[in-house]
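Below is one structure, written out as structure tokens; comments come after it.
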Amino acid sequence: MSREASILLTLRDQYSPRLQQLRSANADLGREFETLRQRAQAYETRLSGLIQQQGRLQVELADAKRALKEAEKAYRDTGSAADAEALSRATERYESLRTVLRETTEASRDTQNAMRELENQADRLARQDSGSLNTGAAGGSSGGILRALGQAGAWSMLGDVASQLANTLVGSAFGSDAGSLFSSALGGAGSGAAIGTMIAPGIGTAVGAALGGLVGLIGGGTQIYEQQDDAFKAYYQELYEKGEQAAEESLTNGSSTASQRELDRIAFNRLLGEGTGSQYLSDLRVMAASTPMEYSDLTGMSRALATGFGDSPERMLELMEAIGDAGSAVGVTAQDMTMMAQAMSRMQGSGKASLEYLNILQERGVNVIGMLADAYGKTQSEIYDMISKGKIKGGDAVNIIQAGMESMYGGAMETMAQTFEGLTSTLEDTMTEIDAARGNGYNETRKYGIQAEQKAYDGALGDAVAELNRISGNNAAYMENLSEQYTREALSAVLLGEDTSRGLFTDDQVQALQDMRGEFVQASADYENGSYEAGITMDNLRQQAEALGTAAYESSDAYLMVHESELDLIDSIRELAASFDGWRAEYDLQQAFTKGLAGAVLSAFGSDGEENKIRKINAHRYATGLGRVPYNDFPALLHEGERVLTATEARTYNKNGGSGGFVISGNTFVVRQESDIDAIATNLLTKLRQASLAGAYG
């Protein structure tokens, strides 16, 4: 990279005034001193820019180093391709910044050397006529001034080098924060010493170094605080977002689980009998929570068993446990266990122990042939012969296989449940139950809203919205057709020489199309005569015609009317938004995340800011009422004419629906049969209880 052209900074020139004094003191040496002054100005501008560049690069390098460590950690944790790519980018940026900083430091050193050479040249000029180089009131010589300048540059350079060394060594030993603090302090001390040297070498150098070090220390501390503050903001925002994400995932998963269980409840109540199915599913959830098997796997096995054992849910649970123990012991999948359950159900239902059914268990490692041989006191060969002749009944085979599984594999699921995989499965079942509680609460309440939506959109509201959708669709199609018509007729006018529709284009647009038509005809003739350039002209004219058609369409009354309506809609929405406070919720959320450590300290002392105090006070106003006080010492601002009830009075009020009880009026109840009376009463009681729980009386 260029060491000179890359620095585009303009700073205060400290050399020129002193060289100007020397030039004025001796007119004979004016030209030489003017040259030195100009060169000094250029060198100091470059050096000042390089110093600022170094400071900026050191900050960027520290940030890049932190980003590199974070990328390395992310890649170690996940090993994903995306994190690998991010690590590569972070490494590339860190190395690039190191290279640029090294080159900038070298450029700074070269500039310092050039400035020392400038001092030597000035000293040589001063010695040519020492009597004319006095500075007047200052009482010093140009050599003294230039030596002071050189010393100032040396102090500045020393501060830069010490700053960089501290940032590297101290940062390596004690961390980046300590490195930044020492680097800023030493850099400030060097700059302060340089300034002090310019004012009064010696004592000025010491005072300047002390003040500069203090300023640098404060600056470094501020930088460290900013980094800590940013880390704190990112940390608690991540905590908030993780909580929100976890709640959303819990609700999504729980709602899905609750929905499936509602369908399962309906299905199993039909399979096993109303109420029996619900109890059976409850037992399944207990089994799932205490075994490595998932609830969904158990329901699949249960459906397979229901066709043969649906009249005995207790037997189904026993078979489920036996198959689960056997499957866990031989290490088959849940799908394999479901197939084993199907085989036993088919044997029970058909009354036959066919080899087809038995092989389903035999091939999965459960020696059912051996179990049958032991039960009948036969060899396995004899059992195969009995099976082929149909001498073994299906129910008997199931009983023998169940007893054999319980004897050989009993307790296998309990043992597996204590393994890491089993414990993980059990924990997942527990978390599923927890999520299902959230999902069930959501689904049951959400049903009322869905039913209301369905009822509304099935009626007049749905018809009105459908009609508006039809009109909107017509409008969209009309505008698309109009756009295509403009383009189509513009092309036809230029390429084919056809007339455009009356009133579609303006007179100027028609004239432009006619002119393009003439050019197109000429270009076509030239192309036929072998002109390659004419073909390019023809294609350009086509594109011009399309562009004219588009521009004419977007200048049409129809298009402009749509455009104006869009602007009106935007204005209306903006005015509506301004008249309400909905936008402020998002704004407040964004502002909340901009508060850092200082905000946490102020909050701890109860200083949330006047605006938040006002908002909190306003939040406690309940002029429209409050259904129920949610907790003790609940703050609220009351209004004249309102009434506050004690807890006992509130319970009595809610129970009776108010002091006068319930009054139902303005309704028409149609009773077609005796059962309608009970149905109406049940629905009314449900609605009243819901209103009571919500505190909706009054």
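The values are calculated or read from the model by the stated rules, or taken from the named source; none is laboratory data. As the structure is a computational prediction, the values presented were derived from the model and not from experiment. Backbone-built Cβ (ideal geometry, glycine too); neighbour counts: all protein chains shown.
The figures follow:
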read-out: Residue in the range 32-52 that is under 29 Å from Q228 (Cβ atoms), at pLDDT 75 or above, buried (at least 19 other Cβ atoms within 10 Å of the Cβ) and not acidic (D, E) present; value: no
read-out: Test: S345 is at pLDDT 90 or above, in a helix (DSSP H, G or I) and surrounded by 14 or more Cβ atoms within 10 Å (Cβ to Cβ); value: yes
read-out: Hey, I392 crowded, with 16+ Cβ neighbours inside 10 Å and touching a Phe, Trp or Tyr at 6+ places or on another chain (Cβ under 9 Å) or not; value: yes
read-out: Enumeration of residues in the range 422-456 that are over 27 Å from A412 (Cα atoms) and in contact with a helix residue (DSSP H, G or I) (Cβ under 6 Å, 6 or more places away or on another chain); value: D435, A436, R438, G439, N440, Y442, N443
read-out: Total residues in the range 328-359, condition small (G, A, S) and more than 18 Å from A397 (Cβ to Cβ); value: 4
read-out: Tally of residues being surrounded by 16 or more Cβ atoms within 10 Å (Cβ to Cβ) and assigned to a helix (DSSP H, G or I) across the range 363-373; value: 5
read-out: Candidates E586, E575, E554, E564, filtered to the one that is within 30 Å of L482 (Cα to Cα), of a type in the set (D, E, K, R), modelled with pLDDT of 70 or more and loosely packed, with under 12 Cβ neighbours inside 10 Å; value: E564
read-out: Number of positions in the range 385-406 that are within 20 Å of Q342 (Cβ to Cβ) and of a type in the set (S, T, N, Q); value: 2
read-out: Residues of the range 556-580 that turn out to be of a type outside the set (G, A, S) and not in a helix (DSSP H, G or I), as a count; value: 1
read-out: Residue identified as surrounded by fewer than 21 Cβ atoms within 10 Å (Cβ to Cβ) and either under 46 Å from the mean Cα position of the chain (by Cα) or in contact (Cβ under 8 Å) with a residue 60 or more places away in the chain (or both) among A304, A322, A334, A326; value: A334
read-out: Selection status of A460, more than 25 Å from P292 (Cβ to Cβ), within 41 Å of the chain's Cα centre (by Cα) and at pLDDT 90 or above; value: yes
read-out: Checklist (1) closer than 20 Å to A552 by Cβ; (2) surrounded by fewer than 16 Cβ atoms within 10 Å (Cβ to Cβ) applied to V521, failing item; value: (1)
read-out: Residue in the range 392-402 that is nearest to L317 (Cα to Cα), counting only those that are part of a helix (DSSP H, G or I) and in contact with a helix residue (DSSP H, G or I) (Cβ under 8 Å, 6 or more places away or on another chain); value: Q402
read-out: Identity of the residue in the range 99-124, within 11 Å of L61 (Cα to Cα) and at pLDDT 80 or above, that ends up surrounded by the fewest Cβ atoms within 10 Å (Cβ to Cβ); value: T99
read-out: Members of the range 271-310 that are part of a loop (DSSP other than H, G, I, E, B), modelled with pLDDT under 90 and either closer than 20 Å to T415 by Cβ or among the charged types (D, E, K, R) (or both); value: T291, P292, M293, E294
read-out: Selected residue (criterion: nearest to Y240 (Cα to Cα)) from residues of the range 581-596 that are aromatic (F, W, Y) and part of a helix (DSSP H, G or I); value: Y587
read-out: Unique match (being of a type outside the set (D, E) and touching an Asp or Glu at 6+ places or on another chain (Cβ under 6 Å)) among S492, S472, S483; value: S492
read-out: Residue list for the range 497-535, filter: in a helix (DSSP H, G or I) and out of contact with any helix residue (DSSP H, G or I) (no Cβ under 9 Å at 6 or more places or on another chain); value: D507, D508, Q511, D515, G518, V521, Y532
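Here is a yes/no grid of residues against (1) in a helix (DSSP H, G or I); (2) surrounded by 15 or more Cβ atoms within 10 Å (Cβ to Cβ); (3) over 43 Å from the mean Cα position of the chain (by Cα); (4) among the aliphatic types (A, V, I, L, M):
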{"site": "G404", "(1), (2), (3), (4)": "yes, yes, yes, no"}
{"site": "L427", "(1), (2), (3), (4)": "yes, no, no, yes"}
{"site": "A436", "(1), (2), (3), (4)": "yes, yes, no, yes"}
{"site": "G449", "(1), (2), (3), (4)": "yes, no, no, no"}
